[in-house]
Amino acid sequence: MTILARTHIVCAIALIAGAAILATAAFAQQGGTAEEAKAMLVKAVAAVKQDKNKALDMFNKGEGGFLDRDLYVFCNNASDAKLLAIGNPNAKQLLGTDARNLKDSNGMAYGQAIFAAGQKPEGQITEITGYLFSRPTDPKPVPKNSFVTRVGDISCGVGYYK
């Protein structure tokens, strides 16, 4: 085998290895990060302050940038915990229910924790950690954390998956 042929083989192997590394990195970044979740929450708060009904409609439909990979907005009434919006297509059955009753498959009462976070002063962001919930792309529950804050008479959150 000539030196030129060996060089071509080495280059081809390097290209394949590089492509595999990039594909692995891209796959690992398919989900939203904590920073992106918090940024979406800030954007959601601004939308609610501008026009609450329009914002809730966008959150439910996943429009306006409020459904990005596995990041989405959810909101409930601050008074009775009734779920008003949830951008996750695998959780639409929860709309209208009392969030305080929500528990994950391990029994963690994450709904009560989300409701309690929404009782804090407006603008204070609380992180709820360590509960299981389904991604928008897969109904199987996986670990999730959420940022929650009060906006007037409702509270909204955005979570990210671990």
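Can you name the condition, by its number, that Lys162 falls short on among (1) touching a Pro at 6+ places or on another chain (Cβ under 9 Å); (2) modelled with pLDDT of 95 or more?
(2)
How many residues does the stretch 107-162 contain that are under 19 Å from Glu35 (Cα atoms), more than 17 Å from the chain's Cα centre (by Cα) and surrounded by 21 or more Cβ atoms within 10 Å (Cβ to Cβ)?
The total comes to 0.
Of the residues that make up the stretch 118-128, is at least one modelled with pLDDT under 95 and touching a helix residue (DSSP H, G or I) at 6+ places or on another chain (Cβ under 7 Å)?
Within the stretch 118-128, not a single residue is modelled with pLDDT under 95 and touching a helix residue (DSSP H, G or I) at 6+ places or on another chain (Cβ under 7 Å).
From the list Ala47, Ala39, pick out the single residue that is at negative phi, aliphatic (A, V, I, L, M) and surrounded by fewer than 17 Cβ atoms within 10 Å (Cβ to Cβ).
The conditions single out Ala39.
Would you pick out the residues in the stretch 59-103 that are over 24 Å from Lys49 (Cα atoms), touching a residue at least 12 places away in the same chain (Cβ under 8 Å) and either out of contact with any Gly (no Cβ under 9 Å at 6 or more places or on another chain) or among the hydroxyl-bearing types (Ser, Thr, Tyr) (or both)?
Correct list: Asn90, Ala91.
The values are calculated or read from the model by the stated rules, or taken from the named source; none is laboratory data. The structure presented is a predicted model; accordingly, all values stated were derived computationally and were not measured. Backbone-built Cβ (ideal geometry, glycine too); neighbour counts: all protein chains shown.
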